[in-house]
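> Have a look at this one before I ask anything.
Laboratory data are not the source of any read-out in this text; all were calculated from the coordinates shown. A quick note: this is a predicted structure, and the numbers were derived from the prediction, not measured. Cβ sites come from the backbone with ideal geometry, for glycine too, and all protein chains shown count toward neighbours.
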Ligand code: FRU
């Protein structure tokens with residue numbers, strides 16, 4: 001699709017019109033990546049949730065599809081997942097034509113108006129035509145609820161050792177794990193998290209993912225938990241835990257809080273099911289509940305992050321999660337020429353281009369003292385700062401453009417601690433798409449994603465040497481243009 005509205009992303013997924021939040025039901029089948037998403041077809045603000053639907057062959061070019069799931073008597077269709085039921089364990093398909101099965105939360109707003117608990121239950125639906133049409137299971141809900149207020153966002157995977165399906169679910173302040181042989185009958189296996197991790201808000205959108213650590217055949221499990229509010233830079237954000245899964249529950253000895261992305265605008269992200277080569281592929285919702293309903297876009301609201309490949313790597317004594325754009329993103333970028341930059345102590349360099357609004361800035365450096373300022377003719381500026389003394393990277397959007405649509409949007413200087421960024425050269429990669437910026441340090445070891453709404457195109461990049469001891473050296477520095485999809 002080709003869009004021309006101000007702030008409309010050109011190489012990120014956004015809905016054709018109206019409101020979108022979480023990615024849902026992400027599954028690969030027969031050459032097609034399916035993206036479903038929380039969707040309100042009648043408004044640009046949140047409301048009765050449907051599952052919107054889009055498909056892609058490469059995770060970059062998307063085709064919009066009709067709405068997949070509509071609310072019914074059980075409630076709105078909240079977030080959840082989808083799987084290919086290869087062995088037709090559910091019996092919804094046949095051996096020759098195994099079904100796609102969607103597992104989602106029903107949110108019963110009518111019941112919520114009178115009862116303080118029990119209005120969120122889990123339902124399922126299936127498709128026999130690779131996602132084009134869906135039939136809800138006649139005996140929904142498959143997991144009922146009496147006593148819980150928040151009880152949602154089922155994420156299901158096949159657990160080979162026990163030959164069964166495992167569902168992660170969140171129940172307010174903790175995660176629960178359920179097992180099933182047929183996707184219809186579920187039993188509680190274990191619980192995690194009341195005394196672990198950040199608890200500044202409600203737990204949402206869990207995802208439990210096995211990783212093979214590079215080279216050594218060691219397996220570790222990572223549990224994603226989105227939390228709203230309680231993120232390090234305000235509002236909603238996604239934390240992760242590294243640990244083990246024994247078929248019943250997740251355990252970890254992790255004591256510190258960890259975040260997959262330190263920017264304000266990457267929420268409710270989860271991974272695709274059934275991917276080719278078992279790659280762990282991720283999309284997040286590029287917004288924040290703090291202001292999602294108020295961002296200054298016109299016919300639609302919000303976009304997804306770039307598709308990212310996840311890896312768990314050894315870093316120092318422990319592990320860290322890396323998330324980095326899939327390689328195919330490179331195919332959208334015309335890299336232009338690259339050169340080495342050398343900026344003396346106390347100096348800065350300004351580079352003017354037609355527009356930075358669909359661009360990639362990329363270089364390697366060993367410096368930890370510099371600033372990058374994206375500016376425009378309206379005297380607006382997005383400021384990124386690398387600071388050695390504090391082992392910190394910050395993003396300041398207080399003067400980046402429109403900020404006053406919500407009081408917190410421009411206020412916080414977003415901070416990201418970078419304590420184990422390796423010595424020596426590391427890569428910095430920044431992708432700007434109209435109203436978003438995604439920053440990847442050291443190939444995704446440290447990541448920040450944030451929305452910005454400049455009143456004019458950024459068309460100048462100022463690079464400032466903030467060190468009082470060393471010249472600033474950027475190697476293979478280049479500004480590329482990113483093609484729209
Ligand atoms: C996360 C979330 C989920 C819920 C959905 C409702 O952003 O709050 O917990 O299922 O959005 O749209």
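> Hey, can you tell me all the residues within segment 251-270 that are part of a strand (DSSP E or B) and surrounded by 23 or more Cβ atoms within 10 Å (Cβ to Cβ)?
267, 268, 269, 270
> Please specify each residue of segment 141-163 satisfying the condition of being in contact with a strand residue (DSSP E or B) (Cβ under 9 Å, 6 or more places away or on another chain), farther than 23 Å from residue 268 by Cβ and either assigned to a loop (DSSP other than H, G, I, E, B) or within 16 Å of the ligand (Cβ to nearest atom) (or both).
144 - this is the single residue of segment 141-163 that is in contact with a strand residue (DSSP E or B) (Cβ under 9 Å, 6 or more places away or on another chain), farther than 23 Å from residue 268 by Cβ and either assigned to a loop (DSSP other than H, G, I, E, B) or within 16 Å of the ligand (Cβ to nearest atom) (or both).
> Scanning segment 239-256 for residues that are closer than 30 Å to residue 398 by Cα and in contact with a strand residue (DSSP E or B) (Cβ under 6 Å, 6 or more places away or on another chain), which turns out farthest from the ligand (Cβ to nearest atom)?
240
> Where residues in segment 233-250 are more than 18 Å from residue 320 (Cα to Cα) and in contact (Cβ under 8 Å) with a residue 24 or more places away in the chain, which of them is surrounded by the most Cβ atoms within 10 Å (Cβ to Cβ)?
Here the answer is 236.
> Just to be sure before I move on: is residue 75 more than 20 Å from residue 284 (Cα to Cα), more than 22 Å from the chain's Cα centre (by Cα) and within 15 Å of the ligand (Cβ to nearest atom) in the structure I sent?
Taking the combined requirement at face value, the residue satisfies it.
> Also, quick follow-up: Take residue 177 and tell me if it is within 23 Å of residue 238 (Cβ to Cβ) and either within 16 Å of the ligand (Cβ to nearest atom) or surrounded by 18 or more Cβ atoms within 10 Å (Cβ to Cβ) (or both).
Here the answer is yes, as residue 177 does meet what is asked.
> Against the definition (surrounded by 15 or more Cβ atoms within 10 Å (Cβ to Cβ), assigned to a loop (DSSP other than H, G, I, E, B) and within 16 Å of the ligand (Cβ to nearest atom)), how does residue 48 come out, yes or no?
So residue 48 fits the description; yes.
> For segment 87-125: of the residues being away from the ligand (no atom under 16 Å from the Cβ) and either in contact (Cβ under 8 Å) with a residue 60 or more places away in the chain or buried (at least 21 other Cβ atoms within 10 Å of the Cβ) (or both), which is nearest to residue 148 (Cα to Cα)?
It comes out as 101.
> Assigned to a loop (DSSP other than H, G, I, E, B) and either touching a residue at least 12 places away in the same chain (Cβ under 8 Å) or in contact with a strand residue (DSSP E or B) (Cβ under 6 Å, 6 or more places away or on another chain) (or both): is that true of residue 288 in this structure?
Yes.
> Oh, and also: Return the residues of segment 217-238 that are assigned to a strand (DSSP E or B) and within 14 Å of the ligand (Cβ to nearest atom); say none if nothing qualifies.
224, 225, 226, 227, 228, 237, 238
> On to the next question. Do we have residue 53 as surrounded by fewer than 22 Cβ atoms within 10 Å (Cβ to Cβ) and farther than 20 Å from residue 288 by Cα here?
no
> Taking the stated definitions as given, is residue 384 without any contact (Cβ under 8 Å) to a residue 60 or more places away in the chain, in contact with a strand residue (DSSP E or B) (Cβ under 6 Å, 6 or more places away or on another chain) and crowded, with 19+ Cβ neighbours inside 10 Å?
When the stated conditions are applied, residue 384 passes them.
> So, in segment 66-95, how many residues would count as being assigned to a strand (DSSP E or B) and over 14 Å from residue 25 (Cα atoms)?
4
> Inspect segment 256-270 for any residue being within 30 Å of residue 410 (Cβ to Cβ) and over 19 Å from the mean Cα position of the chain (by Cα) and give the result as yes or no.
Yes - at least one qualifying residue is present in segment 256-270.
> Take the residues in segment 183-215 that are assigned to a loop (DSSP other than H, G, I, E, B), in contact with a strand residue (DSSP E or B) (Cβ under 8 Å, 6 or more places away or on another chain) and away from the ligand (no atom under 16 Å from the Cβ); name whichever of them is farthest from residue 79 (Cα to Cα).
It comes out as 214.
> Give me the residue from segment 198-214 that is over 17 Å from residue 310 (Cβ atoms) and more than 15 Å from the chain's Cα centre (by Cα) and, out of that set, surrounded by the fewest Cβ atoms within 10 Å (Cβ to Cβ).
By that ranking, first place goes to 200.
> Suppose we filter segment 215-231 for residues that are within 30 Å of residue 413 (Cα to Cα) and buried (at least 18 other Cβ atoms within 10 Å of the Cβ); how many remain?
Result for segment 215-231: 9.
> Can you go through 327, 294, 279, 317 and tell me which one is within 16 Å of the ligand (Cβ to nearest atom) and surrounded by fewer than 20 Cβ atoms within 10 Å (Cβ to Cβ)?
294
> Could you figure out which of (1) closer than 18 Å to residue 102 by Cβ; (2) in contact with a strand residue (DSSP E or B) (Cβ under 7 Å, 6 or more places away or on another chain) isn't true of residue 10?
Going through (1) closer than 18 Å to residue 102 by Cβ; (2) in contact with a strand residue (DSSP E or B) (Cβ under 7 Å, 6 or more places away or on another chain) one by one, residue 10 breaks only (1).
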